[in-house]
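I have placed the structure first, in the form of structure tokens, so that the comments after it can refer back to it.
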Amino acid sequence: MHNDVNGLFDNLWQQYLQVTPSAKKIHQLLSQDQAVLNDHIAIRTFDLAAVNLDVLAAHFIAVGYEEKGQYNFEAKKLNAKHFEHSDPRQPKVFISELKVAECSESLQQIVTELVAQVDESVTSAAGFVYGGAPWQVSQAQYQVLLQESEYAAWTAAWGYRANHFTVHVNTLTTFDTLEQVNDTLKQAGYALNMAGGEIKGSEEVLLKQSSTMADKAIVSFSDGDLEIPSCFYEFAQRYNLANGQEYTGFVAASADKIFESTNAA
Ligand code: NI
């Protein structure tokens, strides 16, 4: 595992840009050559023991992260936790896992077959969380998963990587609000995820979020290449708690809609 938090995120960022070319352009558009702080990244997995949320979390705990919140997404059959670093400038990490036992027999069979290809030497290696899919998956398996769970299909195809990076809008020097960021993105021609409205959340819940729709990129399936939705870019504006500290949690109702940013448009 990594012992250097910056090295870990540099690798995650470079891997993410390879399949999310829009993020590089948007980063330039919003940063105006100033540093951009990331609010959080998100990682997806299955809840089978070999690759579950705890297995992913261990890589972040090893570089100084601590668990700070738990979430449940009933309809999407997901659990999630978020982790924070003692240095608040480091991104929060949101890890979710699909509750495989609650899914159909056919989904369980495919996911079990994929995860059986992964052993502990793979999941404990430094690069596991940015190693992509550690299994072989076919287009037929992908299509079966996609009919039942977009989340399962995406995770099977793309594996371990940042599903999204998130700009911490509060720290941008040339934008004051998420609305201004969204307007700039729309004027530049980017499609935003409209599920649940362009902005998820509100000042009342101390967090507003928006996101692009995922780029598309080619996955090498075991039976050939196919272009599918890859990763997206998210934007978060946070508000202060009564004690004057910035709210650092997540709002489940908003995250539920953000997951849909990888739906085929
Ligand atoms: Ni997010």
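Over the residues of the chain, the helix contribution to mean residue ellipticity at 222 nm works out to -9500 deg cm²/dmol, using -39500 (n - 2.57) for each DSSP H run of at least 4. Cβ-Cβ distance of L29 and Q245, R₀ of 25 Å, FRET efficiency by 1/(1 + (r/R0)^6): the value works out to about 0.25.
With 0.36 nm allotted per residue and the present C-alpha distance subtracted, the T171-A125 stretch has 13.2 nm of extension available. Averaging 1/r across all pairs of distinct Cα atoms in region 1-85 and inverting the result yields a Kirkwood radius of 14.9 Å.
Computed from backbone phi with θ = phi - 60° and the Karplus coefficients 6.51, -1.76 and 1.60, the 3J(HN,Hα) list for region 155-162 is 5, 5, 6, 9, x, 9, 4, 6 Hz; x is used for glycine and proline.
Within the chain, antiparallel bridges make up roughly 75 percent of the DSSP beta bridges whose residues both belong there.
Our summary gives region 163-256 a relative contact order of 32 percent, counting only alpha carbon pairs under 8 angstrom and 6 or more residues apart. Pairs of Cα atoms nearer than 8 Å and 6+ residues apart set the relative contact order; for the chain it is 22 percent.
Taking square-rooted eigenvalues a ≥ b ≥ c of the alpha carbon gyration tensor, is region 116-265 rounded, prolate or oblate, where a/c under 1.5 means rounded and, failing that, a/b exceeding b/c means prolate? Prolate, since a/c reaches 1.5 and a/b exceeds b/c. Stretched out straight at 0.36 nm per residue, the stretch from E105 to M194 would grow longer than its current Cα-Cα span by 28.8 nm.
Restricting attention to region 1-99, lysine pairs at least eight places apart or on different chains and with alpha-carbon atoms under 15 angstrom apart total 6. Net charge of the neighbourhood of E227, taken over other residues with C-beta under 15 Å away and scored Lys/Arg +1, Asp/Glu -1, is -2. When the Cα atoms of the chain are aligned to their principal axes, the ranges along those axes come out at 48, 38, 34 Å in descending order. Here the contact order of region 44-103, divided by its residue count and restricted to Cα pairs under 8 Å and six or more residues apart, works out to 37 percent.
From largest to smallest, the equivalent ellipsoid semi-axes obtained for region 121-163 from the alpha-carbon gyration tensor read 22, 11, 6 Å. Measuring only protein heavy atoms, the 1.4 Å probe finds V51 accessible over about 0 Å². Between S222 and Q139, the contour length at 0.36 nm per residue exceeds the Cα-Cα span by 29.1 nm.
The values are calculated or read from the model by the stated rules, or taken from the named source; none is laboratory data. Small disclaimer: the values here were computed from a predicted structure and weren't measured. Because the Cβ atoms are built from the backbone with ideal geometry, glycine has one as well, and the counts that use them run over all protein chains shown. Side chains included, ligands, DNA and RNA excluded: accessible areas come from the protein's heavy atoms. Shrake-Rupley method; radii C 1.70, N 1.55, O 1.52, S 1.80 Å.
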